[in-house]
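*Asks:* The structure under discussion is supplied below as C-alpha cells; questions concerning it will follow.
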Amino acid sequence: MKTFLLTVAACGLLLTGTAKEPLYRDPTAPLAERVDDLLSRMTLREKLGQLSQPLYRSDDTTLDARITRGEVGSLVVAHGSALVPAERDRLQRIAVERSRLGIPVLFGFDVIHGYRTLFPIPLGIAASWNPELAEASARIAASEASACGIDLTFSPMVDVARDPRWGRISEGSGEDVLLNAVFGAALVRGYQGDDPSKQGRIGACVKHFVGYGAALGGRDYQFTELSERALRETYLPPFKACVDAGAVSVMSAFNDISGTPASANALTLDRILRKEWGFDGFVLSDWNAVTELQEHGIAADGAEAAVKALTAGVDMEMTSDLYLTTLEQSVREKRLPAALVDRAVRAVLRVKFRLGLFDRPFRSHPEPDRMLLTPEARRTARQLAAESMVLLKNDGVLPLSPDLRSITVTGEWAVSRDLYGWWVGMGDGRDAVTVWDGIRSQAGGRTDVRLMSQSRSRRSDVAVVCVGENGYLFGENNNRSDIRLPYGQEQLIRELKEQGNKVVVVVFNGRPLDLSAVVPYADALLIAWHPGTEAGNAVADLLFGKRSPSGKLPVSFPKSVGQLPLFYSDRTSGRPGNDRYVSMDGQPLFPFGYGLGYTTFEYSELRLSKSVAAPGEQVAAEITVTNTGGMKAKETVQLYLHDKAASFTRPARMLIDFRKVELAPGESRTVSFDVTPRQLAVLDAAFRPVVEAGEFEISAGGTPSELHSRILTLKR
Ligand code: NOJ
C-alpha cells in the first residue's frame, strides 16, 4: 500500500511538472520571468537574505551556515581579508548546492584603479583626458579581478569634488561635471563591456550617490547643503552618464543632503534614479550607512533606520544587518509593505541574472596568476601613467639632455614603493617600478646617475627630487587642513636649488597641493599623482623625452588653503573680478585644464557652422590645431560654454566637450565638435532642460588662458 501511494505521488509530481527544473534556472527564459518565478518561491527571510551584504572574514565560523540558510545576498570583501579564488568558489558552492533555492552569492571588492596591476589613482586617470585609455585600464582590472572570483567592483566614484582638503578627491575625476561623467562612463564600459555576464567582465557599482564630494570644509562624512538645482546641475549628471552606460549598481552615500541623508533619500533614490532615469539595477548602501541613519538623527532605532532606507530605495545593506534582523517584524506589523521588499529583491536578482551568476556561478580562472600583470596590462599601465602626469613648469631643463654629465635622484619617492595611493586592490608594492629604477634604466651611458639618500650636499647637472604625500595622507577620511608638501620636503627642494642644481621636482600626490613655496625653486615641476605599478618607467619616459607630457589638470591647484573651495566653473557674480582676499587674489596657482608638453601647438580661430541658429538646431564648432614644435605629442582640445543671459545664473565657463589628438611635428588637425541642444540647455524652474534664445560664448583651445571664442546667437 505504501509503495503504491509513493508511486502515485511520484506520478503526480511528474504530471504537474514540479519535478522539472524551475523556470528561473532556464537560461533561455526572459530575465523578468526568471526573476518573478524565483521571487514567487522565496520566503520573506530568504528575500531579506538577498538584501544583505555582510563583510567577508576568513575567521567567520558562522558564514557557511548563514549562506546555507540563504541569508547572504552578497559579500563585501575588504582589503587584507585575502579571499582566495578557491575559497570564493567553495562558498559559492554552498550557496548554489546547499541553500534551498541555490541563489548564487555576489562577491564585491574595491577594484578602484586596478586589481593586481595598478593604474594611476582615478584623479590621475582623469588628468590623462584620455577616456579610451581609462576604459582599457578598467577592462584589464575587470579581467584580473574576475579571474580571481570578483563579480562586482565598487567603482567608479563620480563625486564632483571641489575641495582638495577632502582626502577622497583622489578617487574621482576632480572638480568638473563633464570629466566625471565621461570618465565614469568609460570605466563602467571597461568593467562591464557590452554584456557584463561575459568572461572577464564584472559589474560596476557607481558611488557615492550623491553629493558626497561636497562635504563641508573637506571633512569626510560631513553634511552637505545642496539645493535641488545644485544636485541636478553638478552632482547628478555624472551618475546619469554611468547609469546610461549600463552600470548595474549604485552605492548610496554617507552624507546628509540638506536634512535628508543620502541613504534614506526618496528624492534622489526613488524619484530621480528609479523613476526619472529608469534605473533598474540595485542600490547598495555604503558601509553601515543604514545603521548610521540613527547617528544622523532620523531614526530612533535600527528598525526605523532599516524601514526608512528600504522605503527610500536602498535595496541592499552593506555590512550592518538591520534588514535581516528587523524587517521581518516590520512587515508583520505593517510598518513596511511587503511589496517594497519585493521591489528591492527584484532589483538584486535582476543584477545577478544580468551578470550571469546563475548560469556561471564559478568564474575564477583555473590559473588566476596567469591572468595578472600581463605584458599588455603593464604596457597600458605605463602609457596611462605617463599620460596622467601633468607638467606645470619647465624652464627648458626637460626633457633631460642625453649629454648630461650627472643626475642626482633624491627625495623620499626616489626609491619608494608607495606609488599606489590609498586603494591598492590586490596590488603588491614589489611589482612596482620605482623612480630610481626607471631613471637608471633610461639614462644615457655617459651620464653619471646617483642616488642621494638624504645628504644634501651633492652638486650635479640636474637634481630630480621626488616628493609627495603618502597613501595615508589622502583617501577615505584622510583630510588635510594644510595642503602643502609635508615632512620638510619644501626645504629639501630649496636647498638643492641654492646649492646650484637645476631642480626637477616630481610630485606624488593624491590631491591638488599648494605648491607656491616650490614653484620658485623648481626649474621643472611634474605632477605624477600616485601612478601605479609602472610609475618609474612612466616618469623616466617623460623626463628623458621618450614621450611628451600630455596630462592637463582635472582640478585647480590653489595658491593657498585659504582660497578653498576653488574651482573654475563657479557662477558669475554681480561684481565679476571681485573674488579676492585682502592679501591675495582668487585665482589658482595652476588652473583647471592646464598642462605643458615638450612641443608647441598653435590654434586657428574658432569657426562655427552658424553664428545664428534656432534653439534646438545643431551647430558645429571647429578649430585647427598645429604642432609647431619639434616633437610628436598629444594635445587636448577643450571646448567651453558661457551662457550670457539665461533664466537662471550659470557657470562663468563650463567644459562641454574635449578631444585628445596626437600630432607629428608640422602636422595639423581640424577638430570638430557638435554643439548640442543638451549642452546649451539650462534647467528651468521645474528642472527640465530648455534651450533658451540668447547669446552663448563658445570657446576652444588647449590652455584655459588662451581660448578662442565666438558668439552663437540663438533666435526664435
Ligand atoms: C566605504 C567607502 O566609502 C566605499 O567607497 C567603499 O566602496 C566601501 N567602504 C567598501 O569598502
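The values are calculated or read from the model by the stated rules, or taken from the named source; none is laboratory data. The model shown is predicted, which means the values in this text are computed figures rather than measured ones. FYI the Cβ positions are ideal-geometry reconstructions off the backbone, even for glycines, and counts take in every protein chain you see.
*Asks:* Hey, could you check region 155-179 for residues that are of a type in the set (Gly, Ala, Ser) and more than 22 Å from Asp244 (Cβ to Cβ) and say which is surrounded by the most Cβ atoms within 10 Å (Cβ to Cβ)?
*Replies:* Ser170
*Asks:* Still on this structure, I have one more. Please specify each residue of region 349-383 satisfying the condition of being more than 22 Å from the chain's Cα centre (by Cα), surrounded by 18 or more Cβ atoms within 10 Å (Cβ to Cβ) and assigned to a loop (DSSP other than H, G, I, E, B).
*Replies:* Scanning region 349-383 gives Gly356, Leu357, Phe358, Pro361, Arg363, Ser364, His365.
*Asks:* Let me ask another. Limited to region 558-593, what total is found for residues that are under 22 Å from Lys393 (Cβ atoms) and out of contact with any Pro (no Cβ under 7 Å at 6 or more places or on another chain)?
*Replies:* Summing the residues that are under 22 Å from Lys393 (Cβ atoms) and out of contact with any Pro (no Cβ under 7 Å at 6 or more places or on another chain) in region 558-593 gives 9.
*Asks:* Right, something else. Can you tell me which residue within region 555-584, out of those that are over 25 Å from the mean Cα position of the chain (by Cα) and more than 24 Å from Lys644 (Cα to Cα), is surrounded by the fewest Cβ atoms within 10 Å (Cβ to Cβ)?
*Replies:* Val582
*Asks:* Within region 130-187, which residues are within 15 Å of the ligand (Cβ to nearest atom), within 21 Å of Gly471 (Cα to Cα), charged (D, E, K, R) and outside any helix (DSSP H, G or I)?
*Replies:* Asp159 - this is the single residue of region 130-187 that is within 15 Å of the ligand (Cβ to nearest atom), within 21 Å of Gly471 (Cα to Cα), charged (D, E, K, R) and outside any helix (DSSP H, G or I).
*Asks:* Considering only residues that are modelled with pLDDT of 95 or more and either among the aromatic types (Phe, Trp, Tyr) or within 19 Å of Val435 (Cα to Cα) (or both), look in region 471-489 and name the one that is nearest to the chain's Cα centre (by Cα).
*Replies:* Here the answer is Phe474.
*Asks:* Among the residues of region 466-494, count how many are away from the ligand (no atom under 16 Å from the Cβ), of a type outside the set (Lys, Arg) and in a loop (DSSP other than H, G, I, E, B).
*Replies:* 10
*Asks:* Now for a different question. Being within 14 Å of the ligand (Cβ to nearest atom) and among the small types (Gly, Ala, Ser) is the filter here, so list the residues in region 188-221 that pass it.
*Replies:* Across region 188-221, the qualifying residues are Gly203, Ala204, Gly211, Gly213, Ala215.
*Asks:* Find the residue count for region 419-462, including only residues that are at pLDDT below 95 and among the β-branched types (Val, Ile, Thr).
*Replies:* Of the residues in that region, 2 qualify.
*Asks:* Ok, one more. Restricting to region 205-217, give me the number of residues that are out of contact with any Gly (no Cβ under 8 Å at 6 or more places or on another chain), in a helix (DSSP H, G or I) and among the small types (Gly, Ala, Ser).
*Replies:* 2
*Asks:* Under 8 Å between Cβ atoms, at least 6 apart or on separate chains: pull out the pairs that start in region 478-499 with a residue that is closer than 15 Å to Gly218 by Cα and end on any residue that is of a type outside the set (Ser, Thr, Tyr) and surrounded by fewer than 16 Cβ atoms within 10 Å (Cβ to Cβ).
*Replies:* Once the first residue is closer than 15 Å to Gly218 by Cα and sits in region 478-499, its partners that are of a type outside the set (Ser, Thr, Tyr) and surrounded by fewer than 16 Cβ atoms within 10 Å (Cβ to Cβ) give Asn479/Arg219.
*Asks:* Quick one: in region 41-96, which of the residues that are under 20 Å from Ile112 (Cβ atoms) and polar (S, T, N, Q) is surrounded by the fewest Cβ atoms within 10 Å (Cβ to Cβ)?
*Replies:* Ser81
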